[in-house]
1. Out of the total accessible area of the chain (probe 1.4 Å, heavy atoms of protein only), what percent is carbon and sulfur?
2. Restricting the calculation to Cα positions, tell me the Rg (one decimal) and the Dmax (whole number) of the chain in Å.
3. Based on the inverse mean of 1/r over its pairs of different Cα atoms, what is the Kirkwood hydrodynamic radius of the stretch 145-228, in Å?
4. Across the stretch 14-103, how large is the tail of the calculated P(r) beyond 16 Å, expressed as a percent of all Cα pairs?
5. Can you pull out the GluC sites (Glu not before Pro) in the stretch 110-195 that DSSP calls coil and that have at most 11 other Cβ atoms within 10 Å?
6. Report the residue, chosen from Thr215, Thr85, Thr94, that carries the largest GNM mean-square fluctuation when the chain is represented by alpha-carbon nodes joined by springs under 10 Å.
7. On average, how much accessible surface per residue is there in the chain, in Å², for a 1.4 Å probe, leaving out ligands, DNA and RNA?
8. Pop the C-beta distance of Glu149 and Asp110 into the FRET formula with R0 = 22 Å and round what comes out to the nearest 0.05.
Amino acid sequence: MKTIGLIGGMSWESTAHYYRVINQDMAARLGGLHSAPLIVHSVDFAPIADMQAAGDWDGAGRQLADIARGLEAAGAEVIGLATNTMHIVADHITGAITVPFVHIADPTSDALLGDKFETVGLLGTRFTMEMGFYRDRLAQRGLIALIPEVDRTNLNGIIYEELCRGIVREESRRIYVNAIERLAARGAEAVILGCTEITMLIDDSVSPLPVYDTTELHARAMVNAALT
């Protein structure tokens, strides 16, 4: 097993989910008392969120690149970034390390293509929905990603003001379900939960479209990388 380095804390709510899924998946694959060799660097999210709001992506990228270098120096042999939005600075991280970096959009694309989907809905922070970095990565694999035409500010606010703080409200769940229904009406065949916290609200039991949980898919992909 290779040692996994995980850059987390954005938010810690989803990082806790990553930790559980990675270890559960490793135990399921290897059996017995096996768990994942894992180094977690969990950041203080508030300064990162401030840099997001200010558009200081270079500053955030430098900070996360420094963390990635530290994880590699500490013995990490594969690195993952436990957030969708901050993959906007993935190039900063890959340029700073010599070990493999598992990009969150790649296992998501693999799963969608494996299930023969082409047109998908993408939900996430306003940065993930509106900036091209995520949709472009999906498009390179032949996937068409639709984003909500309305209510993006509200969807974004639910993530930062509620889910990142561990607050789960039924009213917010209905808002997300309505957004998925509108994406379905425009031709989406499945929906990407493109923020690692949205899984706290939405799963296949409530979604009108098949759900692709980037948190779980990414965590399992890191286990794959650690075992190859």
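The values are calculated or read from the model by the stated rules, or taken from the named source; none is laboratory data. As the structure is a computational prediction, the values presented were derived from the model and not from experiment. When we count neighbours, we look across all protein chains shown, and the Cβ atoms used for this are built from the backbone with ideal geometry, even at glycine. For accessibility, only protein heavy atoms count, side chains too; no ligands or nucleic acids. Shrake-Rupley method; radii C 1.70, N 1.55, O 1.52, S 1.80 Å.
1. Carbon and sulfur together cover 49 percent of it.
2. Cα-based Rg and Dmax for the chain come out at 16.8, 49 Å.
3. Evaluated on the stretch 145-228, it is 13.6 Å.
4. When every Cα pair of the stretch 14-103 is considered, 58 percent fall beyond 16 Å.
5. Glu149
6. Highest fluctuation among the options: Thr94.
7. 42
8. For Glu149 and Asp110, the calculated efficiency is 0.20.
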